[in-house]
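The values are calculated or read from the model by the stated rules, or taken from the named source; none is laboratory data. Since we're looking at a predicted model, the values are computed, not measured. Here the Cβ is made from the backbone with ideal geometry for all residues, glycine too, and neighbour counts use every protein chain on show. The protein model used for the area step is the full one, side chains on, heavy atoms only, and it has no ligands, DNA or RNA in it. Shrake-Rupley method; radii C 1.70, N 1.55, O 1.52, S 1.80 Å.
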Amino acid sequence: MQQYASDRIRNVVLLSQKGAGKSSVAEAMLHTTGATSRMGKIEDGNTASDHQPEEVSHHTSLSLAVLACEWNKSKVNLIDVPGDPEFVGEILSGTRVADAAVIVIDAQAGIEVGTELAWKFASQAELPVMFVLNRMDRENIEFAGVVESLREAFGAVAALQQPYGSGAGFTGVVDLLGLKGIEFTDAKSKVVDCPAELLDDASAQREELLDAVVAVEDELTEKYLEDEEITEAEMKGALHTGIRERSVFPLLCMSSTENLGSGEVLNAIVDLLPNAAESLEGANSQLSALAFKTIVDPQLGHQTFLKVLSGELSTNTSAHNISKRADERIGHVLCPVGRQHAEVPAIVAGDICTVAKLSDTLTGDTLVADKNGSAVSGIDFPEPNMALAISPRTKSDVDKLGTALHRMTEEDPTLRVLRDQATGETLLWGMGDSHANIALEKIQQKFGAQVDVSPPQVPYRETLTKTTTAHGRFKRQSGGHGQFGDVTIVLEPVPGSGDEIEFLDEIRGGAISRNFVPAVEKGVRGAAVDGVLAGFPTAGFRIRLIDGKEHQVDSSDQAFQLAGALAFREGAPEARPTLLEPIHDFHIHVPDAFTGAVIGDLNSRRGRVSGTDQGEAGETIITAEIPLAEAQRYSIDLKQMTQGRGTFGSVFARYEEVPQHLQAAVIAEYKKQED
């Protein structure tokens, strides 16, 4: 593949509802440009973009793929990202480095949840948008109705084509810019005169398009009002400006599986969408490149996807990772087409490449020419919201699992691995059940680690609600020195102290030596770790050491430590122990239509709604407090309640007492496990 100047490069992210045919659209364009010799099929698992084992088995996109192709003396980098919003990290990486978005729509289904989310992702990244109405070869398609619904939902959607029928009758389109026909035959396009029977309707549609286009530029508006002719070239120029400013959103038609219309979509990408030079961040001649995707292979190592934002990246050079303060050696610079890569001597600003075996660079890092460079804005990934408890199945899986988790989190920044200190569990956090389960598949298939999976335990706490005095004596006599320690303590609640345990030494008159006091404290704290109700740590109370006895010969740190533990175990059951549960603050974003159902569900979870605010257009933000025990599956349940439109984030707030009628079930479950 030859090297192209920045103004001849197009970086386009493909977005859609899951299953709308986005990857097939990319496949059709690759075949039309000659980048591939035959079109792959999703069901056959041989497309250029969906080549990972999990993608092949699930017949869907699960990770970002870059597909480079050449068209009309330009290079087009198609960035195919998953349609499932749980793989939001891949989507955000794609929108960060794209210069425009193509939103693919199933013509039969019209606007779906994924279409709305695709629009939202593109809007958040401030990307120009072009719509592609796919599967025009299906039956029962109302083209005019779909266009009108798009305008109602997204604004100034401008149809650039009028289809020749639909279903099996989809054999071409009218190009409304030039008012000419384009016939599709054997995946080829042929320009013809506009069919006579479509001319009147097409002329009316062209007037609508003209109204949208001339509003972009004052000069064209004047010509239009004075009934002067506006040429096709002038319309394209105004469209380019309007698209770049997000005031116009063009729409085209195609059938990806039959490869009808892909050439016209490519023409629009090259002629109308912004080029890479128009989107570059400054005119610096020094190297600056953003790492936006990392692939970790057990055999091949790291493969890093880079977008060069300024300067040039050449083969066999060095660069400095300003994010990690580390030097990197650049070996081969590769141009990606899915799993295939072509080596190139250099990549210019605005282009995308892959580089293998960078030692320190991960997603979001910036590579610069030297230590004097500056980091660019990275990628703002959301916090994961669903956890699974995982453990190695056998001893041989321990090291494999550790390696797999490390590599997986390097590859996917929206995965987190945390050790819950309260429960001792290793938690794998993801963006939802699909995201977490695919990660588990990769751990087992890619890294060969077998794991056991379970819902995370709720990290309950225990506390004391009544003041009590307790005595503990440890005495043991053997052949030599014995063991003796005797203490009296007061246990009293300290509401609002959280996980704290306060210790006060109130010994008077030297009842026990000062050097034994720390041992008493250690013994009480150690005993409190296992609780007295259900084995959960006890906290939120004060220990007052008020008296004790020692033996001149037999007393020791160990004896007083054991005496302190015995005193706690004697006194805690008399101090009216109770269970505490973690409460989390939730911020939930839902469409207005689902607000009532979501609030009703929160009430059923013992949640307390503290307020609602108006978010983006048609969106409500609900603030609530929910016990963690009631929210373990909230990611799944919210998705079902809102048809995939709802999102949320949560943070730990505090511990509160578990209602008495629920404590018995928790305690019974603990005793059952103990037995």
Cross-link partners among lysines for Lys522, C-alpha distance below 30 Å, same-chain residues fewer than 8 apart left out? Lys466, Lys475, Lys549, Lys671, Lys672
Can you list residues whose amide H is under 5 Å from His584's amide H, if they're 5+ apart or on another chain and H is modeled 1.01 Å from N? Ile626, Leu628, Ala653
Rounded to the angstrom and largest first, Cα extents along the principal axes for the chain equal 111, 58, 46
The helix 232-244 Cα axis meets the longest alpha-carbon principal axis of the chain at an angle in degrees, between 0 and 90 and rounded to 10, of 10
Can you give the Rg to Rh ratio for region 31-112, taking only C-alpha atoms and Rh from Kirkwood? 0.97
Check which residues have an amide H placed less than 5 Å from Thr171's amide H, if you skip close sequence neighbours. Tyr164
Cα-based Rg of region 146-191 per 2.2 N^0.38 Å, rounded to two decimals? 1.32
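Given a 1.4 angstrom probe, I'd like the percentage of the accessible area of region 35-124 that is carbon and sulfur, rounded to a whole number. It would help to have the intermediate numbers written out before the result.
Numbers: 1370 of 2770 Å².
Of the solvent-accessible surface of region 35-124, carbon and sulfur hold 50 percent.
Counting Lys +1, Arg +1, Asp -1, Glu -1, what net charge surrounds Ala597 among other residues with beta carbon under 14 Å of its beta carbon? Mind dumping the intermediate values first?
Values: positive: Arg605, Lys639, Arg645; negative: Asp592, Asp601, Asp637.
Cβ neighbours under 14 Å give a net charge of 0.
Find the Rg to Rh ratio for region 620-660, where Rh is the Kirkwood radius over alpha-carbon pairs and Rg uses the same atoms. Provide the component values of the computation, followed by the final result.
On the way: Rg = 12.0 Å, Rh = 11.9 Å.
With Rg and the Kirkwood Rh in hand, the quotient comes to 1.01.
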Between Lys395 and Ala196, what is the spin-label point distance in nm, taking each point 7 Å from the Cα along the Cα→C-beta axis? 8.8
Report, in cubic angstrom per residue, the convex hull volume of the C-alpha atoms of region 366-492. 304
Under 18 Å from a label point 7 Å along Cα→Cβ of His481: give me every residue in region 504-532 with its amide N that close. 512-520
Can you tell me which of 83-89, 569-575, 143-149 comes out highest on packing, and rank the rest after it, using the mean Cβ neighbours within 10 Å? 83-89, 569-575, 143-149
On the protein heavy atoms, probe 1.4 angstrom, tell me the percent of accessible surface of region 366-464 carried by carbon and sulfur. 48
Which angle from 0 to 90°, rounded to the nearest 10, does the C-alpha axis of helix 22-33 make with the longest principal axis of the chain? 40
Farthest toward positive dipole pole in the chain [+1 Lys/Arg, -1 Asp/Glu at C-beta], among Val113, Gly178, Gly644: Gly644
Helix 88-97 sits off the longest principal axis of the Cα atoms of the chain, rounded to the nearest 10 on a 0 to 90 degree scale, by 50
Cα gyration tensor of region 468-524, axes a ≥ b ≥ c as square roots of the eigenvalues: rounded (a/c below 1.5), prolate (a/b > b/c) or oblate? prolate
Mind checking which of Cys335, Leu401, Met386 is farthest towards the positive end of region 275-403's charge dipole, using Cβ charges of +1 (Lys, Arg) and -1 (Asp, Glu) about the Cα centre? Leu401
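Kindly identify region 157-233 as rounded, prolate or oblate by the Cα gyration tensor criterion: order the square roots of the eigenvalues as a ≥ b ≥ c, call it rounded if a/c is under 1.5, otherwise compare a/b with b/c, prolate if a/b is larger, else oblate.
Working: a/c = 2.46, a/b = 2.41, b/c = 1.02.
Here region 157-233 falls in the prolate category.
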Roughly how big is region 474-544's charge dipole about its Cα centre, with Cβ charges of +1 (Lys, Arg) and -1 (Asp, Glu), in debye to the nearest 20? 340
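Based on the mean of other beta carbon atoms within 10 Å per residue, what is the order of 6-16, 46-56, most packed first?
Numbers: 6-16: 23.8, 46-56: 20.0.
Ranking, from highest mean packing down: 6-16, 46-56.
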Return the distance in nm (one decimal) between the two label points of a simple spin-label model at Ala215 and Ser604, each offset 7 Å from Cα along Cα→Cβ. 4.4
Among Ser318, Ala539, Leu209, whose Cα lies farthest out toward the positive end of the dipole of the chain, if unit charges sit on the beta carbon of Lys, Arg (+1) and Asp, Glu (-1)? Ala539
When the label point is put 7 Å from the Cα of Ala665 along its Cα-to-beta-carbon vector, which residues of region 516-552 have a backbone N closer than 12 Å? none
Euclidean distance of C-alpha centroids, region 3-19 and region 190-217, integer Å: 27
What 222 nm value per residue comes from the helices of the chain, counting each DSSP H run with n ≥ 4 as -39,500 (n - 2.57) and dividing by all residues, nearest 500 deg cm²/dmol? -9000 deg cm²/dmol
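Near Glu581, within a Cβ-to-Cβ distance under 14 Å, what is the net charge of the other residues, with Lys and Arg +1 and Asp and Glu -1? Walk me through the intermediate numbers first.
On the way: positive: Arg461, Arg605, Arg606, Arg608, Arg654; negative: Glu462, Asp499, Glu625, Glu630, Glu656, Glu657, Glu669.
Local net charge: -2.
So what is the accessible area of the chain per residue, in Å², with the probe set to 1.4 Å? Before the final figure, lay out the partial values.
Numbers: 29330 Å² over 675 residues.
Result: 43 Å² of accessible area for each residue.
Tell me, what % of the accessible area of region 542-675 is carbon and sulfur with a 1.4 angstrom probe? Working shown, then result.
Working: 3400 of 6900 Å².
With neighbouring chains kept in place, the figure for region 542-675 is 49 percent.
Taking the mean number of other Cβ atoms within 10 Å as a proxy for protection, how do you rank 72-81, 387-396 from highest to lowest?
Values: 72-81: 23.4, 387-396: 15.5.
Taking the mean over residues of other Cβ atoms within 10 Å, the ranking is 72-81, 387-396.
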Unit charges on C-beta of K, R, D, E only; dipole of region 531-610, Debye: 240
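Set the Förster distance to 41 Å, then compute FRET efficiency between Ser318 and Arg416 from the Cβ-Cβ distance, nearest 0.05.
On the way: r = 32 Å, r/R0 = 0.79.
Once the sixth-power term is evaluated, E becomes 0.80.
Using the crude model of +1 on Lys and Arg Cβ and -1 on Asp and Glu Cβ, and no other charge, please compute the dipole size for region 1-60 relative to its Cα centre, in debye to 20. Walk me through the numbers before you get to the answer.
Details: 6 positive and 7 negative charges, 51 e Å.
Its charge dipole is roughly 240 debye.
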Using heavy-atom solvent-accessible surface (probe 1.4 Å) with all chains present, what is the largest-first order of Ile621, Ile507? Ile621, Ile507
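Pairs Lys18/Lys41; Lys22/Lys236; Lys75/Lys188; Lys307/Lys442; Lys22/Lys188: which are spaced more than 18 Å apart, C-alpha to C-alpha? Each step should come with its number before you reach the end.
Numbers: Lys18/Lys41 16 Å; Lys22/Lys236 25 Å; Lys75/Lys188 21 Å; Lys307/Lys442 26 Å; Lys22/Lys188 20 Å.
Result: Lys22/Lys236; Lys75/Lys188; Lys307/Lys442; Lys22/Lys188 exceed 18 Å.
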On a C-alpha basis, how far is the centre of region 421-490 from the centre of region 146-183 in Å? Whole number, if you could? 62
